[in-house]
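Here the structure comes first, spelled out in structure tokens, and everything after it is commentary.
The values are calculated or read from the model by the stated rules, or taken from the named source; none is laboratory data. Keep in mind the model is a prediction, meaning the values are calculated, not measured. Because the Cβ atoms are built from the backbone with ideal geometry, glycine has one as well, and the counts that use them run over all protein chains shown. We work out accessible area using only protein heavy atoms, side chains counted, and drop any ligands, DNA or RNA first. Shrake-Rupley method; radii C 1.70, N 1.55, O 1.52, S 1.80 Å.
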Amino acid sequence: MEMESLKELYVEELKDLWSAETQLTKALPKMMKAASNPKLKKAFNTHLKQTERHVKRLERIFKELDESPRGKKCVGMEGLIKEGQELIKEKPEADVLDAGLIAAAQHVEHYEIAGYGCVRTWARQMGEERQAELLQETLDEEEQTDRLLTELAESEINVEAEEEGTQGRPATRSRAKQGTKRGTSRNGGSSDENMETDEDETDQEAVGASSSRAGMM
Ligand SMILES: [Fe+2]
């Protein structure tokens, strides 16, 4: 189909997002099953529920536009999901797999954030305020998920994945420090002294917090 207007491009990108979201509703239960960390399982489950709402929101927009969401396969999402499935098939150690699943999920979130950012902006440009609002709601949820995944990775999952590969080796200074963090999060609140140290670090790290920080993963 030859596209001649921003509106046509908008509809094509919405179809792409609808395909991406529906593919994700099938992939997230598999990621949830593969994850070991209970908080990560819960995060995937919460995002599955959100993703189902994202599909519905897109369908409302298609209805308003009197268009069908079907007819396009999002090959970008297909590739990202495939990469996650390949990781699961490699059967890494449980903590390492959890860290890898977060990375896979953040690739997905960033992909969606880019797509929703574009369609939201196009909707505004074309004066489709209601549609822009709906797309913004989804964009906000994608960004929240991305931040939650970064927090989970930094507070425990990356630490556990690193420790997995260093068991039996003497802890380095930084590793010992991360061990304190791990103890704190696992025990749900150890000594105030440890908590204070951790909070100081987290505050500093949080200053530059944005979705781009996920690159540290
Ligand atoms: Fe989504």
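Observations on the structure shown:
- When we screen LEU28, LEU14 for residues that are within 15 Å of the ligand (Cβ to nearest atom), within 20 Å of LEU101 (Cβ to Cβ) and surrounded by 15 or more Cβ atoms within 10 Å (Cβ to Cβ), the only hit is LEU28.
- Residue in region 118-128 that is among the acidic types (Asp, Glu), more than 16 Å from the ligand (Cβ to nearest atom) and either closer than 26 Å to GLY165 by Cβ or open to solvent by 50 Å² or more (accessible area, probe 1.4 Å) (or both) present: yes
- Qualifying residue in region 92-100 (condition: among the charged types (D, E, K, R) and within 16 Å of the ligand (Cβ to nearest atom)): no
- Residue satisfying condition, being away from the ligand (no atom under 15 Å from the Cβ), at pLDDT below 95 and charged (D, E, K, R), within set GLU8, GLU86, GLU67, GLU4: GLU4
- Within region 73-90, the presence of at least one residue that is without any contact (Cβ under 8 Å) to a residue 40 or more places away in the chain, open to solvent by 30 Å² or more (accessible area, probe 1.4 Å) and not in a helix (DSSP H, G or I) is confirmed.
- Selection within region 32-53: residues that are open to solvent by 90 Å² or more (accessible area, probe 1.4 Å) and closer than 21 Å to ILE113 by Cβ. The member of this set that is farthest from the ligand (Cβ to nearest atom) is LYS49.
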